[in-house]
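First comes the structure, then the notes that go with it.
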Amino acid sequence: MPSTAPPGSSVEASTARHLHHLLAAEQRRGRLPSVAAGIVRDGGLAWSDAIGTLDGRVDGVVADVDTQYRMGSITKTFVAVAVMRLRDAGRLDLLDRLEDHVPGSQLGGATIAQLLSHGAGVQAETNGPWWERTPGGDWDALAGSSVGQRFRAGRRFHYTNIGFAALGELVARAHGAHWFDVVRRDVLEPLGMGRTTMRPDGKAAQGLAVHPFADVLLPEPEHDAGAMAPAGQLWTTVQDLARWAAFTGGDTAEVLSADTLAEMYEPHTIADNPGQPWTTAHGLGWQVWNVDGTRYAGHGGSMPGFLAGLRVDVETGDGVVILTNTTSGMGLVAPELLKAFLEREPRTPEPWHAAGDAGVLDLVGTWHWGPSVTVAKAVGDHLVLGEPGQARGSRFAPAGEDEWVGLDGYFTGEPLRVVRRPDGTASHLDLASFRFTRTPYDPEADVPGGVDEGGWR
């Protein structure tokens, strides 16, 4: 066990030892031939480590953070970004049907948004042999194999690899090029992700299955999945996946706008299991988690011989990546690594400074929506009514003179207008037709429906 932090690490030695211990314990518990992981902070690897050998044998080649592993379904996030780039360029709308861009399949009635969020009701897998272990054909062969829908589009979450095969074909037809050539040119190269490839290249782990009742190994096949490749084909390293984690945390290097990335994280479908509280949803190509009020984005990945994980706190950008070459066995060590890192090395709060705008002082303080009491505060550039996340509390961003727009909860996207008296003082707030007045039902504030002439009694 190392006594100091690994080279290039920015964590304390004691933190590095603890994270190494967690990873080593998981490698042994799960009988993982090899496993490589990294913690991302401020756009770079704060810590990384690798344990085991590429073929699972004691005298094999030792894994490191530049070892390639198959990332499985994390591939879907790259395809989704390519689709959203088309949307941002005005070349498609998320409400377009697949048929509008890729005609001739039984999936044509599903919208692009539904396919991205696994809400199209499309069947999960192919009708042919186990596609993850057999070479794949082209899109025409896949579409001609009667793949279709299991549920009405928009009804429910139903995870679908077929849906992302369709989205990969959409990207290819829009650009007149192979979908991966588009991803490489428009996403990977601008981000410097040169070790993310379609097939293993250079130092790469062998995909392995570990016998459930004996310490013996079985090599898993490696192949080109053809039309199904957009669902889980790509190979990567901890170093490259850490750059994708930084992207996930907002460091997009202009590959995608911040607003579009945030849009992709908005939950569209809920992964609902009866009898279990739900914490996982799907946005536009991304898994999103709500764990004790903290929002994470990322994706899991699995292919025969490989497991992978990517999870990032979307507010702070702190995240974790992990890759291993086994078909099954890895537990929840990825979030455990991130939790341990955050407990031992929490972010230092930024110093407070008086940087507020005195021009909004006439808007802060107590307001009344009918008889209810709401407190308005100025926090940074925002006007905050109530407590965001509680009841109808929301932040509002300036949208013009005496105009604001809601950012949270019930009032997201809704307009707030300050109505002033002839002398310029604030009379009331008009929020999506509701009146907020300085006193309950102020008769001089044009309360809709009027105020009883007899007043309070």
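The values are calculated or read from the model by the stated rules, or taken from the named source; none is laboratory data. Fair warning: this is a prediction, and the values are worked out from it, not measured in the lab. Ideal geometry is used to build each Cβ from the backbone, glycine not excepted, and the neighbour counts take in all protein chains shown.
A few notes on this one:
- Looking at Gly56, Gly38, just one residue is closer than 18 Å to Ala245 by Cβ and either surrounded by fewer than 23 Cβ atoms within 10 Å (Cβ to Cβ) or in the same structural domain as Gln287 (by TED's automatic domain parsing) (or both), and that residue is Gly38.
- Helices (runs of 4 or more DSSP H) wholly inside the range 49-147 that include at least 1 residues being β-branched (Val, Ile, Thr) and touching an Asp or Glu at 6+ places or on another chain (Cβ under 7 Å): 112-116
- Trp367 being surrounded by 11 or more Cβ atoms within 10 Å (Cβ to Cβ), in a strand (DSSP E or B), among the aromatic types (Phe, Trp, Tyr) and in contact with a Pro (Cβ under 8 Å, 6 or more places away or on another chain): no
- Taking the criterion of being within 14 Å of Trp139 (Cβ to Cβ) and either in contact with a helix residue (DSSP H, G or I) (Cβ under 9 Å, 6 or more places away or on another chain) or of a type in the set (Ser, Thr, Tyr) (or both), the residues of the range 206-232 that qualify are Ala225, Gly226, Ala227, Met228, Ala229, Pro230, Ala231.
- Inspection of the range 22-45 finds no residue satisfying the criterion of being free of Cβ contacts under 8 Å to residues at least 60 places away in the same chain, closer than 21 Å to Gly249 by Cβ and assigned to a loop (DSSP other than H, G, I, E, B).
- Residue match in the range 12-20 (condition: surrounded by fewer than 17 Cβ atoms within 10 Å (Cβ to Cβ) and without any contact (Cβ under 8 Å) to a residue 60 or more places away in the chain): yes
- Screening Leu22 against (1) assigned by TED's automatic domain parsing to the domain that holds Leu218; (2) under 22 Å from Asn325 (Cα atoms) leaves a single unmet condition, (1).
This table checks each residue for (1) touching a Gly at 6+ places or on another chain (Cβ under 6 Å); (2) among the aromatic types (Phe, Trp, Tyr); (3) surrounded by fewer than 17 Cβ atoms within 10 Å (Cβ to Cβ).
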{"site": "Ala229", "(1), (2), (3)": "no, no, no"}
{"site": "Leu241", "(1), (2), (3)": "no, no, no"}
{"site": "Ala246", "(1), (2), (3)": "yes, no, no"}
{"site": "Glu254", "(1), (2), (3)": "no, no, yes"}
{"site": "Leu261", "(1), (2), (3)": "no, no, no"}
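- Some residue of the range 26-36 being under 26 Å from the mean Cα position of the chain (by Cα) and over 30 Å from Ala225 (Cβ atoms): no
- Set Ala376, Ala340: member being in contact with a helix residue (DSSP H, G or I) (Cβ under 7 Å, 6 or more places away or on another chain), of a type in the set (Gly, Ala, Ser), surrounded by 14 or more Cβ atoms within 10 Å (Cβ to Cβ) and not assigned by TED's automatic domain parsing to the domain that holds Arg41: Ala376
- Any chance Asp186 is of a type in the set (Asp, Glu), surrounded by fewer than 20 Cβ atoms within 10 Å (Cβ to Cβ), modelled with pLDDT of 95 or more and not in a helix (DSSP H, G or I): no
- Scanning the range 101-120 for residues that are among the hydroxyl-bearing types (Ser, Thr, Tyr) and within 16 Å of Ala271 (Cβ to Cβ) yields one hit, Ser117.
- Qualifying residue in the range 253-266 (condition: on the phi < 0 side of the Ramachandran plot, β-branched (Val, Ile, Thr) and modelled with pLDDT of 95 or more): yes
- Residue in the range 412-427 that is surrounded by the most Cβ atoms within 10 Å (Cβ to Cβ), counting only those that are touching a residue at least 24 places away in the same chain (Cβ under 8 Å) and either touching a strand residue (DSSP E or B) at 6+ places or on another chain (Cβ under 6 Å) or outside the structural domain of Ala376 (by TED's automatic domain parsing) (or both): Leu416
- Leading residue by the ranking (farthest from Gly305 (Cα to Cα)) among those in the range 189-203 that are buried (at least 21 other Cβ atoms within 10 Å of the Cβ) and not basic (Lys, Arg): Met193
- For His158: the one exception among (1) out of contact with any Lys or Arg (no Cβ under 8 Å at 6 or more places or on another chain); (2) within 17 Å of Leu115 (Cα to Cα): (1)
- A count restricted to the range 307-334 and to residues that are more than 11 Å from Val35 (Cβ to Cβ) and part of a strand (DSSP E or B) stands at 7.
- Which listed residue, of Asp357, Asp318, Asp292, Asp313, is of a type in the set (Asp, Glu), farther than 30 Å from Val216 by Cβ and over 22 Å from the mean Cα position of the chain (by Cα): Asp357
- Options Ala113, Ala120; residue that is closer than 24 Å to Ala153 by Cα and buried (at least 23 other Cβ atoms within 10 Å of the Cβ): Ala120
- From Asp66, Asp59, residue being among the acidic types (Asp, Glu) and under 26 Å from the mean Cα position of the chain (by Cα): Asp66
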